[in-house]
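Take a look at the structure set out below.
The values are calculated or read from the model by the stated rules, or taken from the named source; none is laboratory data. As the structure is a prediction and not an experimental result, all values here were calculated from the model. We place every Cβ from the backbone using ideal geometry, glycine too, and count neighbours over all the protein chains shown.
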Amino acid sequence: MNRIPVQLANVSAPFPPAELPDLSAVGLDTALAAESVQAAHGDPLLFSRALAAGIEHDPASVTDRERALDLVAIAAWRAGALGLRVDALTRLESLDSAEQRLAAAAALGVGVDVLDEFRRRQRSDRFWWPGRADQRGYVLATGGFRGLGGAWIRPPERVEPLRDDGAFAFLVAGVWWRLDSDVWGARLSLLPEPPTTAEQRDDGVTVVIGPDTHLAWVHVREQG
Amino acid sequence: MPDRWNRVSASPTNPGSGHGVEALTAEDLFRPAARAAVPLDEKLRQVYYWIVNRAVISPYYDMEFSHGEPLSIGLGDAGATVSLPTQASFSSNVLVPLLTFAVGGRCLLIGGPGRGKTTVAVLMGVLAGTSSSDVRRAVQQGQPQLTISDLVGIPLPRDLVGAESLADIRIAWRDWLGLPVKIIDEYNRIPTKTQSALLTMVAEGYVESHDQMRRTAPDGGVESWFFTANDDAGGGTFPVIHALRDRMDVTVQAAGFNSRFFDELITRVEAGEKPEEHVPAELSFDAAQQSEMRAQIRAVPIPDAVRERLRFFLSHFEFVQHGGRRFEYRTKDVVTTAGGRVGEVIEANSGADLEVDLGAQTRNGLSVRALQTLIMYAKAMAWFRGVDAVELDDVAAVLPFVLRGKLLPNATHPRFDVGAERELSTDTVSWLADLFAQSCRQYDALGRDADDEVAALLREFDGGLDGLPALEASRRVTAVEAQLRRIATVGKLYGRDFDDVIALKYLHQRYTAYVRWQEMRG
């Protein structure tokens, strides 16, 4: 049973170990990008591996700045940097060649055969990835007990949806927290005051909390 | 260089302000500008987390912050509890020295040998931009033969022979005097005479030898001092002179080693590494940044609500019934300076309720210096936490470390001799924290926020006397006298009443003098 926060899409080691690729030929400092990914709450190690996997399938990106930037955006998003989501999805929509599509799928850690479905479903369902059904609809766990490296000292008491997609508010030990999330990443931050909550949406997304767990699980019910 | 030393918190060290996620593009990931503009408070937090996560093995979180009641779990059968705070909490043995570095203060680190006191102090020196080897070399080791010349330098022998006056003698000053962070190891092993020379440096910021003077603070910069000692109870080769001890702004205990972190210790021994040799360059502060940091700290406001509770707290301690005959002389300082024992005078006051009278728990009052230090460190704590104004929690967090060694426990008070409370006779920090909490509870019980007539009279006086009609001044004299009579109706007198009575007498004097002046003018 999971006791620490997790993105279920990352559980089965989606990328092989790899060094951070060198894109200096197109004037890009990937070490700096990895630091920026970390600052944007992504995982720099995952970024390195996702980028390396993408470049392996499109060697031309090492000498083509725009193609390299496509893969950087996708790998950063895949590494959990939520801020890159829009840029990465935009770039995914405009891939020209078969190599680029192959590289993009590799950087996402999905098969190229599901890339089109991934793009289509992500437009309306930010929590979709091909393995979600295998996880019975569960996508991620957030929070966790502080003593085990999580954020909270008590189980969350309430959860409320917020206006932004993938955003929820949690009341924990008298303090409100905000969760921003999608299939690849989740970020918790403290709210300075009680949030303005939104109406429940009919998108199948629920957050499961319980009195005996410090984790909150994001779950998506498959639409009929 | 091993990577494990180089990890600095890249993400904000505060859990954020909850405004969602900022959209980025791939190009944004290659812009270092955003990284360079780290605010100074964020940088100090990065330093703190680097030290506790990388440099000093210190899993202690004794400076606690919580919204609401923290989760408390009772342990064992002797009343021990562990509390789990709801907000970011800190290790005092790292944070208190770090705040000292930020405000340019003086910190006394105490604890048994080998507990990392000197390492923490040396890290502060490296943070000020001095190389680790220079900082280590500049540490002044206290020892019984340490002379003033050893400490400050010697007159040039050629000048001693040829000089016709003291002014002609040049001094070869020791280099450490000019460093922004000064470290004196085992200061209770330094001979008394040398301690006096040290006092001048610490208190006045200069050193004198053969009529020559050298300022110790860097030009326009900030200097901080770190002293270490194996105990704080008068031990050591030489007793520490009172004036020097009183200059210690804060006193903090070094933490013991936690056996669960033994593997890390083995790794360090095997690698032969010292943390001060691996401080990431981006974590050091230049002189301008240190000055700016101190200016920002000084600018943190203290709201009225916090001021009132602080004012109430400090009112408890100066007064002692039977300390003198004249009302103004009924103070602990009068007793002490006359060679009397405050504890005995407190015991002689059979009418006082020792449970209620917080002043009875101490054998002295608070000095103005201690109060100034408390204000500065409370501001530093609030600034470090990234809050806009000092909160009561900030005061509560730093107060025990500021008042340790300054507000002294009255060992004859029942508090230190009954049941589980006996623990407080050796745990000064917990006692001081509890004393402040008790004071805040009394403040609430007395309803001081709503009912503080003396404060109202003082506010009225703050409006000034210019143009005040004599009739109104006479009315205020009557109000002052009425307030004094109101205090007199309560049988028992406490420290808070003492301060009120003195303030009322002051108002009475000012108003009656004004009325007399008006009468003389006709």
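Assorted remarks:
- Filtering the stretch B:263-320 to residues that are under 30 Å from residue B:221 (Cα atoms), touching a Gly at 6+ places or on another chain (Cβ under 8 Å) and not in a helix (DSSP H, G or I) leaves B:284, B:285, B:286.
- Output for the stretch A:40-59, where each listed residue is touching a Pro at 6+ places or on another chain (Cβ under 6 Å) and either of a type in the set (Gly, Ala, Ser) or within 13 Å of chain B (Cβ to nearest Cβ) (or both): A:51, A:52
- Answer residue from the stretch B:96-120, given it is modelled with pLDDT under 95 and assigned to a helix (DSSP H, G or I) and is surrounded by the fewest Cβ atoms within 10 Å (Cβ to Cβ) among those: B:119
Residue-by-condition table, conditions (1) of a type in the set (Ser, Thr, Tyr); (2) surrounded by 19 or more Cβ atoms within 10 Å (Cβ to Cβ); (3) assigned by TED's automatic domain parsing to the domain that holds residue B:184; (4) not in a loop (DSSP other than H, G, I, E, B):
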site	(1), (2), (3), (4)
B:49	yes, no, no, yes
B:54	no, no, no, yes
B:58	yes, yes, no, no
B:72	yes, no, no, yes
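- On inspection, residue A:151 fails the criterion of being free of Cβ contacts under 8 Å to residues at least 24 places away in the same chain, within 19 Å of the chain's Cα centre (by Cα) and under 30 Å from residue A:191 (Cα atoms).
- Selection count where residues are in a loop (DSSP other than H, G, I, E, B), under 17 Å from residue A:165 (Cα atoms) and more than 9 Å from chain B (Cβ to nearest Cβ), scope the stretch A:64-89: 1
- Checked against the criteria, residue B:233 does not count as hydrophobic (A, V, I, L, M, F, W, C) and more than 22 Å from the chain's Cα centre (by Cα).
- Extreme residue, nearest to the other protein chains (Cβ to nearest Cβ), among residues of the stretch B:76-89 that are part of a strand (DSSP E or B) and surrounded by 10 or more Cβ atoms within 10 Å (Cβ to Cβ): B:84
- Matching residues in the stretch A:184-224 - criterion: being charged (D, E, K, R) and assigned to a loop (DSSP other than H, G, I, E, B): A:193, A:199, A:201, A:202, A:203, A:212, A:221, A:222
- If the condition is being buried (at least 20 other Cβ atoms within 10 Å of the Cβ) and either in a loop (DSSP other than H, G, I, E, B) or without any contact (Cβ under 8 Å) to a residue 40 or more places away in the chain (or both), then the stretch B:202-222 contributes B:216, B:222.
- Within the stretch A:170-180, being under 16 Å from residue A:197 (Cβ atoms) and not hydrophobic (A, V, I, L, M, F, W, C) holds for A:178, A:180.
- Exactly one residue among A:11, A:37 is within 21 Å of residue A:188 (Cα to Cα) and surrounded by fewer than 16 Cβ atoms within 10 Å (Cβ to Cβ), and that residue is A:11.
- Residues (at the interface with another protein chain (Cβ under 7 Å from one of its Cβ atoms) and hydrophobic (A, V, I, L, M, F, W, C)) located in the stretch A:189-209: A:190, A:191
- Take the conditions (1) at the interface with another protein chain (Cβ under 9 Å from one of its Cβ atoms); (2) on the phi < 0 side of the Ramachandran plot; residue A:179 misses just one of them, which is (1).
- For the stretch A:152-203, a tally of residues being more than 22 Å from residue B:71 (Cβ to Cβ), hydroxyl-bearing (Ser, Thr, Tyr) and touching a Pro at 6+ places or on another chain (Cβ under 7 Å) returns 1.
- Qualifying residue in the stretch B:403-411 (condition: at pLDDT 90 or above, assigned to a helix (DSSP H, G or I) and of a type in the set (A, V, I, L, M, F, W, C)): yes
- Top-ranked residue in the stretch A:1-16 [being assigned to a loop (DSSP other than H, G, I, E, B) and of a type in the set (Val, Ile, Thr); ranked as farthest from residue A:50 (Cα to Cα)]: A:4
- So residue A:102, is it in a loop (DSSP other than H, G, I, E, B) and either among the aromatic types (Phe, Trp, Tyr) or away from every other protein chain (no Cβ under 13 Å) (or both): no
- The residues of the stretch A:180-205 that are in contact (Cβ under 8 Å) with a residue 24 or more places away in the chain and buried (at least 18 other Cβ atoms within 10 Å of the Cβ), listed by number, are A:180, A:181, A:182, A:183, A:184, A:185, A:186, A:187, A:188, A:195, A:205.
- Every listed requirement among (1) in contact (Cβ under 8 Å) with a residue 40 or more places away in the chain; (2) under 30 Å from the mean Cα position of the chain (by Cα); (3) under 30 Å from residue B:521 (Cβ atoms) is met by residue B:448 save one, (3).
- When residues of the stretch B:404-431 are limited to those that are without any contact (Cβ under 8 Å) to a residue 40 or more places away in the chain, of a type in the set (Gly, Ala, Ser) and in contact with a helix residue (DSSP H, G or I) (Cβ under 7 Å, 6 or more places away or on another chain), the one nearest to residue B:364 (Cα to Cα): B:425
- Taking the criterion of being aliphatic (A, V, I, L, M) and either buried (at least 16 other Cβ atoms within 10 Å of the Cβ) or in contact (Cβ under 8 Å) with a residue 24 or more places away in the chain (or both), the residues of the stretch B:498-522 that qualify are B:501, B:502, B:503, B:504, B:507, B:515.
- Residues that are over 18 Å from residue A:81 (Cα atoms), more than 9 Å from chain B (Cβ to nearest Cβ) and not in a loop (DSSP other than H, G, I, E, B), drawn from the stretch A:17-37: A:23, A:24, A:25, A:26
- Check on residue B:167, over 30 Å from residue B:280 (Cβ atoms) and either touching a residue at least 24 places away in the same chain (Cβ under 8 Å) or outside any helix (DSSP H, G or I) (or both): yes
- Residue list for the stretch B:451-491, restricted to those being without any contact (Cβ under 8 Å) to a residue 40 or more places away in the chain and either of a type in the set (Phe, Trp, Tyr) or in a loop (DSSP other than H, G, I, E, B) (or both): B:451, B:463, B:464, B:466, B:467, B:469, B:490
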